[in-house]
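Everything below concerns the one structure shown next.
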Amino acid sequence: MGKNRVLIVGTGVVVGLAALVLTAAGNPANMGFCIACFLRDIAGGLGLHSADKVQYLRPEIVGLVLGAMLAALAGREFRARAGSSPALRFVLGAIVMVGALAFLGCPLRMVIRLGGGDGTAIAGLLGFAAGIGVGVVFLQKGFSLGRAYTAKRADGFVLPGIMVAVLALLLIAPACIKFSQAGPGSKHALWLISLAGGLIVGALAQKSRLCMAGGLRDVFLFRDFHLVSGFIAIFLTVLVGNLVMNGFHPTLAVQPVAHHDYLWSFLGMGLVGWGSVLLGGCPLRQLILAGEGNGDSAVTVLGMLVGAALSHNFGMAGGADAMADGAFVPGGVALPGRIGIGIGLVLLLIISISALHKEDKAK
């Protein structure tokens, strides 16, 4: 247990440092690492949505999957498996992405935002915890998407192969993809730095099983703080780093790529927490599992890409607060996003109830 605790805390410190370094190297402020934002940018770069400010093939995502794959292969933990309700997982991945992009960040970015003084992320944290609490209730009642089965080894390399193709497009055929000329998508570190950061974090996350949703789930179910200690380490590392580099700016509005629509931030991250518990892991964990050969997580990641496209094509993504000519321009979640969150909550309830497995009392 001592070695495991050192590994998870050490991973958290490295992730926090990677977020700080990537931000200093060009990534948007308080967005050194964000699974939802970076998948959204990849979806835009591939032309799946037309929001021109969020389009870029983020090498961090490529690195996360390939780093996890290499670590799993080295540790003989790479196992191709699939068959645990892939269609439902695809839908759940899309729902999680709708909630995350309404909030403007995944659980990882939520912690990074808090470490930068972003008070607007507190509502997201509370909603995320509440959503996990709801998911835990259904777990206790017997929720399950079923077991995965051993698959052909080649199946386990599908998402890593897609990530290699994404990187090849970025480096070899940039004319075939879309690049933002303004906004968050235009701000990025040198591709080699981004890829290296992803590889390191992916390998460590694979070994430590880092997962925000799993951490809070274990706290609620078993009073086990092992996994969540990694995210506490991320927060403290980012907080100290921002204090040292004068990057800590505590406010309740006008934070980088964030909004102060607290209610819908709460509900959006509630969607993320609930959906992540049903999936068995947060967006970061899904990428890592896909790198280990899990085909169901690969399907979930593809669902998240589609969810990102839907969010922007149908105006469901949140809009950031801004200052224009000295005047405050509030952001928030518009009506389409609120409808999307509402539909997502209804779908999660239906899926949660329909996948309950109760013991046959007749036996």
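Key figures
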item: Length added when fully stretched, I350-R76, from 0.36 nm per residue minus Cα-Cα; result: 94.9 nm
item: Three-way shape call for the range 13-96 based on the alpha-carbon gyration tensor, with the a/c threshold at 1.5; result: oblate
item: Unit charges on C-beta of K, R, D, E only; dipole of the chain, Debye; result: 1000 debye
item: Candidates L39, L221, L204, ranked by Gaussian network fluctuation over the chain, Cα under 10 Å, top entry; result: L221
item: Candidates A203, A130, A324: whichever shows maximal mean-square fluctuation once the chain is modelled as a Gaussian network with Cα springs under 10 Å; result: A324
item: Surface share of carbon and sulfur [accessible, 1.4 angstrom probe, percent] for the chain; result: 69 percent
item: Three-way shape label, the range 80-152, alpha-carbon gyration tensor, a/c 1.5; result: prolate
item: Ranked packing of 76-83, 282-289, most packed first, by mean Cβ within 10 Å; result: 282-289, 76-83
item: Count of lysine pairs in the chain with Cα separation under 13 Å (8 or more residues apart, or interchain); result: 4
item: Cysteines without a disulfide-compatible neighbour (Cβ-Cβ under 4.7 Å), the chain; result: C106, C176, C211, C282
item: Computed over the chain: relative contact order in percent, which uses C-alpha pairs under 8 Å that are six or more apart; result: 35 percent
item: Burial ranking of peptide ranges 270-280, 240-250 (average Cβ count within 10 Å, highest at the top); result: 270-280, 240-250
item: Two-site label geometry, Q181 and N246: point separation in nm, points 7 Å out along Cα→Cβ; result: 3.3 nm
item: Dipole-positive endmost among L108, G142, L125 within the range 97-167 (Cβ charges, Cα centre); result: G142
item: Packing rank of 87-97, 291-301, 141-151, 333-343, where each peptide gets the mean count of other beta carbons within 10 Å, highest leading; result: 291-301, 87-97, 333-343, 141-151
item: For the chain: rounded, prolate or oblate by the Cα gyration tensor [a/c cutoff 1.5]; result: rounded
item: Mean Cα-pair separation over length for the range 265-349, i.e. relative contact order, pairs under 8 Å, 6 or more apart, %; result: 23 percent
item: Share of alpha-carbon pairs per 5 Å distance bin for the range 136-281, given as whole %; result: 2, 6, 9, 13, 17, 18, 17, 11, 6, 2, 0
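The values are calculated or read from the model by the stated rules, or taken from the named source; none is laboratory data. Just so you know, these numbers come straight off a predicted model, no measurement behind them. Please note: Cβ atoms are built from the backbone with ideal geometry, for glycine as well, and neighbour counts cover all protein chains shown. Each accessible area value is taken on the protein alone, full model and side chains, heavy atoms only, with ligands, DNA and RNA left out. Shrake-Rupley method; radii C 1.70, N 1.55, O 1.52, S 1.80 Å.
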